[in-house]
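Asker: The structure is given below, and queries will be raised subsequently.
The values are calculated or read from the model by the stated rules, or taken from the named source; none is laboratory data. Since the structure is predicted, the reported quantities are computational estimates derived from the model, not experimental observations. Glycine also receives a Cβ, built like all others from the backbone with ideal geometry; neighbour counts cover every protein chain displayed.
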Amino acid sequence: MERIKVGTSRTYEIHIEEGLLDHVAEECSAVLKSEKLLLLTDSNVQPLYGDAVCRSLTDAGYQVIEYVIPAGEESKNTEQYLKVVSTLAKEGFSRSDAIVALGGGVVGDLAGFCASSYLRGIPFVQIPTTLLACVDSSVGGKTAVNLPEGKNLLGAFYQPRLVLIDPLVLKTLTPAVYADGMAEVIKYGMIRDEELFDALENHVWTDTQIITRCVTIKSRVVAEDEFDNGCRLLLNYGHTVGHAIEQCSHFEISHGSAVAIGMAVMARAEEGGAPLADRLDVVLKDYGLPTACAFSPDELYRAAMADKKRRNQTLHVITVPSLGNGTVVTIPVEELRGYLQRGLSQ
């Protein structure tokens, strides 16, 4: 088993092992001293893994309340948040009880935000079941729900007690959902790891190797900058444009696809960055990801103005002048128009 320690305000471990779902209760009991657990999952994941995980936890002596949300980004909202925390209150959850998030990024973000705010904070465990959640959203403590005005605008930094990653769950993903996760994997190669990017170009690493490398990168970045004020901003490569694309599409374009387009736009907008932009374009398409969208620069600019990374009249954007060397650049918000115009015109 791979064990990666995340040294944030609350230190915790990420465990990565094929077959890990078979002993979830054993792993949880090492960090949770709870009587009750809310197993939060979605309508896609529950039939695949929900019953087995629930049975394992129940057999270990936990009182398990299973809560299933409809699958999809539309469930990451304030209405669903209130339903979950109301369930915690009705079931008499105390501050020592916990939430277990079994699912992708939507489930993990919602569960984490509920855990951060119910009784001013209760423990939670992340069990990601998508590649995107394994390599990115389950690690680092960003929790949130969406508002009609924008994505992830209501949230908190709140670290899990444990992250359990079983790479075998990826075998049940559709090609489109797997591709969504690859967008975040490719992001890590672009901003921090030329060796990873080369491996993706040549298809030479296993899923376990890819997950382990990405999680290692993220855990180091998060430990250095837990609250997103410095180097952690690098992890937003492609996300400012990507979130705007999601917003403009009313979330019909998936997060991974939107980030892929966002990275392609930013790479094409780089001065003298054509060779790297071409390599990125090939890799994204190779993994089934889009590199273009139908929205205009003006539409995306208006949507980007709701981005939480905006600071008054400035905005942080991430550029990659050379492979593996992402850079945080602070620009006047108006300059984003230029990036969008250059990146969408090619």
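Asker: Return only the number of the condition from (1) modelled with pLDDT of 95 or more; (2) over 17 Å from Leu164 (Cβ atoms) that Ser9 does not satisfy.
Answerer: All conditions pass for Ser9, except number (1).
Asker: In region 209-252, what residues are closer than 15 Å to Met190 by Cβ and among the small types (Gly, Ala, Ser)?
Answerer: Residues satisfying the conditions are Gly238, Gly242.
Asker: Looking at (1) at pLDDT 95 or above; (2) of a type in the set (Gly, Ala, Ser); (3) surrounded by fewer than 17 Cβ atoms within 10 Å (Cβ to Cβ), can you tell me which one Ser257 breaks?
Answerer: Unmet condition: (3).
Asker: Let me ask something additional. Check off (1) in a loop (DSSP other than H, G, I, E, B); (2) surrounded by 21 or more Cβ atoms within 10 Å (Cβ to Cβ) for Leu37 and give me the number that stays unchecked.
Answerer: Unmet for Leu37, out of (1) in a loop (DSSP other than H, G, I, E, B); (2) surrounded by 21 or more Cβ atoms within 10 Å (Cβ to Cβ): (1).
Asker: Is it the case that region 315-334 has a residue that's among the small types (Gly, Ala, Ser) and in contact with a Pro (Cβ under 8 Å, 6 or more places away or on another chain)? Break it down into steps so the answer makes sense when it comes.
Answerer: Restricting attention to region 315-334, the residues satisfying the condition of being among the small types (Gly, Ala, Ser) are 322, 324, 326.
Filter once more, keeping what is in contact with a Pro (Cβ under 8 Å, 6 or more places away or on another chain): none.
Among the residues of region 315-334, not one is among the small types (Gly, Ala, Ser) and in contact with a Pro (Cβ under 8 Å, 6 or more places away or on another chain), which makes the answer no.
Residue-by-condition table, conditions (1) buried (at least 21 other Cβ atoms within 10 Å of the Cβ); (2) among the hydroxyl-bearing types (Ser, Thr, Tyr):
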residue	(1), (2)
Gln247	yes, no
Ala269	yes, no
Pro290	no, no
Glu299	no, no
Thr327	no, yes
Tyr339	yes, yes
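Table: residues versus (1) under 23 Å from Thr143 (Cα atoms); (2) touching a residue at least 12 places away in the same chain (Cβ under 8 Å).
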{"site": "Asp281", "(1), (2)": "no, yes"}
{"site": "Lys285", "(1), (2)": "no, no"}
{"site": "Leu289", "(1), (2)": "no, yes"}
{"site": "Ala294", "(1), (2)": "no, no"}
{"site": "Pro321", "(1), (2)": "no, yes"}
{"site": "Val328", "(1), (2)": "yes, yes"}
{"site": "Pro332", "(1), (2)": "no, yes"}
{"site": "Leu336", "(1), (2)": "no, yes"}
{"site": "Leu340", "(1), (2)": "no, yes"}
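Asker: Further, regarding this structure: I'd like the full set of residues that are assigned to a helix (DSSP H, G or I) and within 19 Å of Lys83 (Cα to Cα), limited to region 40-70. Step through it out loud before you land on a result.
Answerer: The initial filter retains those residues of region 40-70 that are assigned to a helix (DSSP H, G or I), namely 46-59.
Passing the criteria: only Gln46.
Asker: Would you mind listing the helices (runs of 4 or more DSSP H) fully within region 247-346 where at least 3 residues are over 24 Å from the mean Cα position of the chain (by Cα)?
Answerer: Numbers: elements: 255-269, 274-286, 297-304, 336-345.
Passing ranges, in order: 274-286, 297-304, 336-345.
Asker: Moving on to the next point. Pull up region 208-220, narrow it to residues that are in contact (Cβ under 8 Å) with a residue 60 or more places away in the chain and surrounded by fewer than 21 Cβ atoms within 10 Å (Cβ to Cβ), then point me to the one that is farthest from Leu289 (Cα to Cα).
Answerer: Here is the first cut: in region 208-220, the residues in contact (Cβ under 8 Å) with a residue 60 or more places away in the chain are 208, 210-212, 214-216, 218-219.
When the remaining residues are screened for being surrounded by fewer than 21 Cβ atoms within 10 Å (Cβ to Cβ), the result is 208, 212, 216.
Working: Thr208: 21, Thr212: 22, Thr216: 24 Å.
Taking the candidates together, the pick is Thr216.
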